[in-house]
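A quick write-up on the structure given underneath.
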Protein chains: 2
Amino acid sequence: MYDLVIIGGGPGGLCAGIYATRLRLKTIMFERELIGGQIALTDVIENYPGFPSISGMALMEKFEEHARSFGLEIKMSSVESITADGSLKVIKTTEGEVKTKAVILATGAKPSRLGVPGEVDFTGKGVSYCATCDGPFFRNLTVMVVGGGDTALKEANYLSKIASKVYLVHRRDQFRGEKIQQERVEAAENIEILRSHILKEVSGDKVVEGVVVEDLKTGTVRDINLEGVFIFVGIIPTTGFVDVDKDKSGFIISNSSMETSEPGIFVAGDCRNTPLLQVATAVGDGAIAAYTAEAYIESLEDKTPRTEKSQPSAKPTG
Amino acid sequence: MYDLVIIGGGPGGLCAGIYATRLRLKTIMFERELIGGQIALTDVIENYPGFPSISGMALMEKFEEHARSFGLEIKMSSVESITADGSLKVIKTTEGEVKTKAVILATGAKPSRLGVPGEVDFTGKGVSYCATCDGPFFRNLTVMVVGGGDTALKEANYLSKIASKVYLVHRRDQFRGEKIQQERVEAAENIEILRSHILKEVSGDKVVEGVVVEDLKTGTVRDINLEGVFIFVGIIPTTGFVDVDKDKSGFIISNSSMETSEPGIFVAGDCRNTPLLQVATAVGDGAIAAYTAEAYIESLEDKTPRTEKSQPSAKPTG
């Protein structure tokens, strides 16, 4: 029996873990794959205040160590469902069930697929969604990056230091990503930018050998020989397992206190309908979600005794 | 002429500065007193993810260095007013005027006064609102802390390591602050907790010599001899100079994109009607405010040319 279950071990969940354990909530975190989540796969982070340049993995190790220092329990399990049991929640995981008074959803989001021929067949055989993971396999080879947002630009820059040549394909004629990243791709000698182009097909025998691209302004279709295709065209929140109100893309709808449509279920980070998906915003969400969850748990105390042994803290001592 | 003026140099403003400069906005920050703001006066911060224990001053120096590394311009001036000039804003400071396309308000908040006799007269003569600043003057003396929130508990703990004895006076019978801090004050041998008590008066000749407290449950009034009184009973946002919608306490009302009621004026951190005033939440606000401001500035571009010389970034290069 827990006060709080945090589902997901990225920046939002880990910050919620720091705050919850300092609030003396008996808290467990479930993470199914990798502590740190998507950001742990990111080569360099330059915009989390206090760390001018750090790898995603190193930053997330610091977050994890910070949360564990206050007593956060972390278990590598996948959560399958959340059901109600009176005012409590039952969390079913691959390793069994736990009961809890409150839940923070911090499950993050995953890369979208383009949906073009060859994309699925060649995933892991030249098609990748993670430059940090797979970039080093393409040393002195030719790769393509697809997308126009922050991640696409950043990873194109990263890959340009490994690959001999990087094509950067974006379906629009302007990028959406940070201007500093735009300037870097424009300045890189081995990045060729194909604006108003789309990737039509990925081809090869056992591994990727080439792609077909189309110039949307002229209609011209051409083949390019290359070895790798990195796709950064958006993200899908990991929210299918939970029944709370979501927007049309599946992001969980919350108010500014991180409350969802379901009492006792709170949300933080990239799985939320936040205006910006960043480490800096996820930590803000996580702190607020933990505070709101604690107030909710306090409100249940009339009905159920506090799990935490250190309670009650309000006994007269003066 | 600037793209963006950030008013206030605490965590919200500095994070907005990091994001804005990376978005290649020509940005200036005005800070009237101290880079880092209120948090720079805080002894130890343990809940900003990534730094398990750091002084407020040291953390804010890291933020400042981080923001300056991307080119943030910082000027020590007090902003007196914001007025409109067409779609632009005119920022009047003690050092003159600047024009800007957008503004982020990150002015923070300041401690509330209790309003009891002697409080104002003895401010700086034994009455203090900052334990980090003034605590060391009370080594081996007796002090009182007034309040029941996070700050009061935290500073009572801090002062208990300096003073010979700390009275902790709270008007309610339960504290509002973090349970970990409650446990610490309860465990400290030289902290005497006076629940359901109020401070009635501060007295002395040239400096504080004693206080009068009342037990609200019994009505008993008594004198306590002591040398210092530290008051942590809430905060007042620094928002008087700006004409946007505010709540009844003066905190600026915003939506989740950090837009205020005034187009082109955005908000971040403790001066906002946020559910939680923390470094972790201020940085989230700052990142979002910078992104929203950049989108607003882009929307003005038809009318006024971009200030930034590196524009346009979308010229064909491929």
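The values are calculated or read from the model by the stated rules, or taken from the named source; none is laboratory data. Worth saying up front: this structure is predicted, and the values here are computed from it rather than measured. Because the Cβ atoms are built from the backbone with ideal geometry, glycine has one as well, and the counts that use them run over all protein chains shown. Note: accessible area is taken over every heavy atom of the protein model, side chains too, but ligands, DNA and RNA are not part of it. Shrake-Rupley method; radii C 1.70, N 1.55, O 1.52, S 1.80 Å.
On the protein heavy atoms, probe 1.4 angstrom, tell me the percent of accessible surface of the protein assembly as shown carried by carbon and sulfur. Don't skip to the end; give the middle numbers.
Numbers: 12420 of 25960 Å².
Roughly 48 percent, rounded to a whole number.
At q = 0.08, 0.12, 0.14 Å⁻¹, what log₁₀ I(q)/I(0) does chain B have when each alpha carbon counts as one equal point scatterer in the Debye sum?
Here the Debye-derived log intensity ratios amount to -0.42, -0.83, -1.03.
Quick one: accessible area per residue over the range B:113-231, 1.4 Å probe, rounded to a whole number of Å²? The partial results should precede the final answer.
On the way: 5440 Å² over 119 residues.
The answer is 46 Å² per residue.
Taking a 1.4 Å probe, which of B:L34, B:L199 shows the most accessible area, and what order do the others take after it?
Values: B:L34 55, B:L199 10 Å².
The most accessible residue leads, giving B:L34, B:L199.
Short version: ³J(HN,Hα) in whole Hz for each residue of the range A:251-267, in order, from phi by Karplus 6.51 cos²θ - 1.76 cosθ + 1.60 (θ = phi - 60°), x for Gly and Pro, what are they?
Running phi through 6.51 cos²θ - 1.76 cosθ + 1.60 with θ = phi - 60° gives 6, 6, 7, 9, 8, 6, 8, 6, 7, 8, 6, 9, x, x, 10, 10, 9 Hz.
Can you show me the helix-derived [θ] at 222 nm for chain B, built from DSSP H runs with n ≥ 4 at -39,500 (n - 2.57) apiece and divided by the number of residues, rounded to the nearest 500. Intermediate values should be presented prior to the final figure.
Working: 6 runs with 72 residues, N = 318.
Computed mean residue ellipticity for chain B: -7000 deg cm²/dmol.
Apply 1/(1 + (r/R0)^6) to the Cβ-Cβ distance of A:S112 and B:N255, taking R0 = 22 Å, and write down the FRET efficiency to the nearest 0.05. Spell out each step's value before the answer.
Details: r = 27 Å, r/R0 = 1.21.
Between A:S112 and B:N255 the formula returns 0.25.
Just to verify a number: what accessible area does A:T93 come out at with the full protein assembly present, 1.4 Å probe, Å² rounded to tens?
Surface open to solvent at A:T93 totals about 10 Å².
Could you check which residue among B:G250, B:G269, B:G50 shows the biggest mean-square fluctuation in a GNM of chain B with a 10 Å Cα cutoff?
Highest fluctuation of the listed residues: B:G50.
Which sequence of B:R24, A:R113, A:R22 reflects their accessible areas, 1.4 Å probe, from the largest down?
Ranked from most to least accessible, the order is A:R113, B:R24, A:R22.
Given a Förster distance of 22 angstrom, what is the FRET efficiency for A:E73 paired with A:C130, based on the Cβ-Cβ distance and rounded to 0.05? Can you show the working numbers first?
On the way: r = 28 Å, r/R0 = 1.29.
About 0.20, to the nearest 0.05.
Roughly what percent of Cα-Cα pairs across the protein assembly as shown reach past 32 Å?
On the way: 109132 of 201930 pairs.
Summing the P(r) tail past 32 Å for the protein assembly as shown gives 54 percent.
Using a 10 angstrom Cβ neighbour count of at most 14 plus a DSSP loop assignment to flag exposed GluC sites (Glu not before Pro), which longest range of chain B is free of such sites?
Numbers: sites that count: B:E33, B:E95, B:E189, B:E301.
Segment B:190-300 is the longest.
By its C-alpha gyration tensor, with a ≥ b ≥ c as the square roots of the eigenvalues, how is the range A:113-231 shaped: rounded for a/c under 1.5, else prolate for a/b larger than b/c, else oblate? Spell out each step's value before the answer.
Values: a/c = 1.63, a/b = 1.13, b/c = 1.44.
Verdict is oblate for the range A:113-231.
Going by accessible area, probe 1.4 Å, with all protein chains left in place, what is the ranking of B:I82, B:I193, B:I235, largest first? Don't skip to the answer; put the middle values down first.
Details: B:I82 35, B:I193 5, B:I235 70 Å².
Result, largest first: B:I235, B:I82, B:I193.
How far apart, in nm, are two points set 7 Å out from the Cα along the Cα-to-Cβ line at B:E209 and at A:E298?
With each label point 7 Å from Cα toward Cβ, the separation is 4.0 nm.
Have a look at the range A:259-299 and report residues whose accessible surface goes down by 30 Å² or more when the remaining protein chains are included, against the chain on its own, probe 1.4 Å, ligands and DNA/RNA excluded.
Those residues are A:P275, A:L276, A:A280, A:T281, A:I288, A:Y291.
Taking a 21 Å limit on the Cα-Cα distance, which of the listed pairs A:K179/B:K26; A:K26/A:K101; A:K125/A:K165; B:K154/B:K179; A:K62/B:K154; A:K101/B:K179 fall beyond it? Don't skip to the end; give the middle numbers.
Numbers: A:K179/B:K26 12 Å; A:K26/A:K101 10 Å; A:K125/A:K165 19 Å; B:K154/B:K179 11 Å; A:K62/B:K154 24 Å; A:K101/B:K179 18 Å.
Cα-Cα > 21 Å for A:K62/B:K154; rest within.
Name the cysteines of the protein assembly as shown that stand alone by the Cβ rule: no other cysteine Cβ under 4.7 angstrom.
A:C15, A:C271, B:C15, B:C271
Could you tell me the accessible area of A:K26 in Å² (1.4 Å probe, neighbours in place), rounded to the nearest ten?
Near enough 80 Å² of accessible area.
B:T93's amide H: which non-local residues (gap 5+, or another chain) put their own amide H closer than 5 Å, with H modeled 1.01 Å from N in plane and none for Pro or chain starts?
Residues meeting the criterion, in which the H sits 1.01 Å from N, are B:E80, B:V98.
Which aspartates and glutamates does A:K161 reach when only Cα atoms under 18 Å apart count, and residues fewer than 8 places away in its own chain are ignored?
Cα-Cα hits under 18 Å: A:D43, A:E46, A:D134, A:D150, A:E183, A:E186, A:E189, A:E192, A:E227.
Ballpark to the nearest 100 Å², how much total accessible area do A and B bury together, probe 1.4 Å? Provide the component values of the computation, followed by the final result.
On the way: alone 15360 and 15380 Å², together 25960 Å².
Roughly 4800 Å².
Check the straight Cα-Cα distances from A:K246 and name the lysines below 19 Å, setting aside those fewer than 8 residues away within the same chain.
A:K110
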